[in-house]
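Below is one structure, written out as structure tokens; the observations come after it.
The values are calculated or read from the model by the stated rules, or taken from the named source; none is laboratory data. Please read all numbers here as calculations on a predicted model, not as lab measurements. Glycine also receives a Cβ, built like all others from the backbone with ideal geometry; neighbour counts cover every protein chain displayed. Side chains included, ligands, DNA and RNA excluded: accessible areas come from the protein's heavy atoms. Shrake-Rupley method; radii C 1.70, N 1.55, O 1.52, S 1.80 Å.
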Amino acid sequence: MPATKTRRLGIMDEASSKKITMRHFRGKSFPNETPMTGAEVRAVREQEQLSQVAFGRYLNMTPDYVSRLECGEVQAKGPALALLHVIRRHGIEVLH
């Protein structure tokens with residue numbers, strides 16, 4: 001039943017009707033951040049003038065993992081990738 005009908009019939013309140021759920025997207029994909037190369041990860045860290053240890057603490061990663069990202073052995077995904085993009089755009093200060 002469409003949201004407008006459920007609201008009109010009193011089955012659903014307005015707040016629930018406005019809530020976006022997965023079914024509203026009907027197979028559409030969500031925007032994803034583009035992957036970062038190891039050189040890009042390193043450039044973000046160096047732009048902030050942080051060691052791998054300090055950078056890892058901001059991202060809740062081990063220095064070894066930061067090193068592996070920078071060497072291209074692994075690629076950041078999910079929240080880590082999103083944080084890297086935020087730091088690149090707005091600087092490390094946004095995490096304070």
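Taken over the range 53-62, the criterion of being touching a helix residue (DSSP H, G or I) at 6+ places or on another chain (Cβ under 8 Å) and farther than 19 Å from K77 by Cβ is satisfied by V53 alone.
Contact annotation: residue pairs with Cβ atoms under 6 Å, 6 or more positions apart or on different chains, pairing a residue in the range 35-63 that is open to solvent by 70 Å² or more (accessible area, probe 1.4 Å) with a partner that is assigned to a loop (DSSP other than H, G, I, E, B) and of a type outside the set (G, A, S), are P35/Q75.
Results for (1) assigned to a helix (DSSP H, G or I); (2) under 30 Å from G91 (Cβ atoms); (3) modelled with pLDDT of 95 or more, shown as yes or no for each residue.
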residue	(1), (2), (3)
T6	yes, no, no
I11	no, no, no
A15	yes, no, no
R26	no, no, no
S29	no, yes, no
E33	no, yes, no
A39	yes, yes, yes
V44	yes, yes, yes
